[in-house]
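Structure first, commentary second.
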Amino acid sequence: MQQLVVQVYFDLDTALHTTGNLRRLGVDKALARDASGQWVLPATTVKGFLRERAEVLLRTWGHPVCTGPEPATMCDDQTLCLVCRVFGNPRHPSALRFQDGHPLDGFGEASFVRSGVAISRYRRAASPQRLFFLETTAPMPTRWWAECTGYFPDSGAAKMAAALVALAARGGWAIGGGKARGLGWIKEVKVKATLNGVEIPEQDLMPFWQAWKEGRDVAED
Ligand SMILES: [Zn+2]
């Protein structure tokens, strides 16, 4: 088996919000934290961000790609689209395991609380617009890193997965919640992929990007 590890470094321009499970006094949506209380970029957020970007990019280039996260609109077992081959779906587990992302440098423990008004999805709804409070990191640039690991039968499949993760990571402009409110805006993303501990050079990923851009599926070559 070939071990692939992909590290993604997020350089954010603005504060970040990802909703965690813990409750905090005075806020409706608290930041996600780990057991020690440190902020995290949850694995589900990282994976969801990358999958969504991969879907959008490949569809733009004419690839038949299914739409998550509803199981009914995703690939069945018989034929898997490019995205499901790498990120999996409810019927086909992903070879890649994502871990929570962490802050790269200590940017303080102090969080901020923003207020906002929840607009009803139904414009005719009589319910009054609700004021809510959202906890975010401090309003300054932050850097995070996240990692995923997977085992593949051959190096070609591992490199294809690395190519799609790297492509998706670079294709995003914001991560987490509150994008429309200016939260989680991405300045730069760097990706480092290693195969059995050896870094994969970018020129090994380029043939995949070129083929996908031309609407070809290299796996079928
Ligand atoms: Zn699919």
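Filter segment 78-96 for residues that are in contact with a strand residue (DSSP E or B) (Cβ under 8 Å, 6 or more places away or on another chain) and not in a strand (DSSP E or B); which is nearest to the ligand (Cβ to nearest atom)? Write out each step before concluding.
Of all residues in segment 78-96, those in contact with a strand residue (DSSP E or B) (Cβ under 8 Å, 6 or more places away or on another chain) come to 80, 84, 86-88, 94-96.
Okay, now just the ones that are also not in a strand (DSSP E or B), so 80, 84, 86-88, 94-95.
Working: L80: 6, C84: 3, V86: 10, F87: 8, G88: 9, S94: 11, A95: 14 Å.
If we take residues in segment 78-96 being in contact with a strand residue (DSSP E or B) (Cβ under 8 Å, 6 or more places away or on another chain) and not in a strand (DSSP E or B), then C84 is nearest to the ligand (Cβ to nearest atom).
Check whether at least one residue in segment 12-35 is touching a residue at least 24 places away in the same chain (Cβ under 8 Å) and within 16 Å of the ligand (Cβ to nearest atom), and report yes or no.
no
Could we say that C75 is in a loop (DSSP other than H, G, I, E, B), surrounded by 19 or more Cβ atoms within 10 Å (Cβ to Cβ) and either within 10 Å of the ligand (Cβ to nearest atom) or modelled with pLDDT of 95 or more (or both) here?
Details: in a loop (DSSP other than H, G, I, E, B): yes; surrounded by 19 or more Cβ atoms within 10 Å (Cβ to Cβ): yes; either within 10 Å of the ligand (Cβ to nearest atom) or modelled with pLDDT of 95 or more (or both): yes.
Yes; evaluated as a whole, the condition is true for this residue.
Among the listed residues L183, L205, identify the single one that is assigned to a loop (DSSP other than H, G, I, E, B) and touching a residue at least 24 places away in the same chain (Cβ under 8 Å).
Values: L205 fails: assigned to a loop (DSSP other than H, G, I, E, B).
After ruling out the rest, the residue left standing is L183.
For residues in segment 36-72 being within 16 Å of the ligand (Cβ to nearest atom), assigned to a loop (DSSP other than H, G, I, E, B) and not small (G, A, S), which is nearest to the chain's Cα centre (by Cα)?
P69
Which pairs have Cβ atoms under 8 Å, sit 6 or more apart or on different chains, and link a residue in segment 64-90 that is under 19 Å from A157 (Cα atoms) to one that is hydroxyl-bearing (S, T, Y) and more than 10 Å from the ligand (Cβ to nearest atom)?
The qualifying pairs are V86/S94; F87/S94; G88/S94.
Please specify each residue of segment 1-29 satisfying the condition of being buried (at least 17 other Cβ atoms within 10 Å of the Cβ), under 19 Å from D100 (Cα atoms) and among the charged types (D, E, K, R).
K29
The values are calculated or read from the model by the stated rules, or taken from the named source; none is laboratory data. Quantities reported herein were computed from a predicted structural model and do not represent experimental measurements. Glycine also receives a Cβ, built like all others from the backbone with ideal geometry; neighbour counts cover every protein chain displayed.
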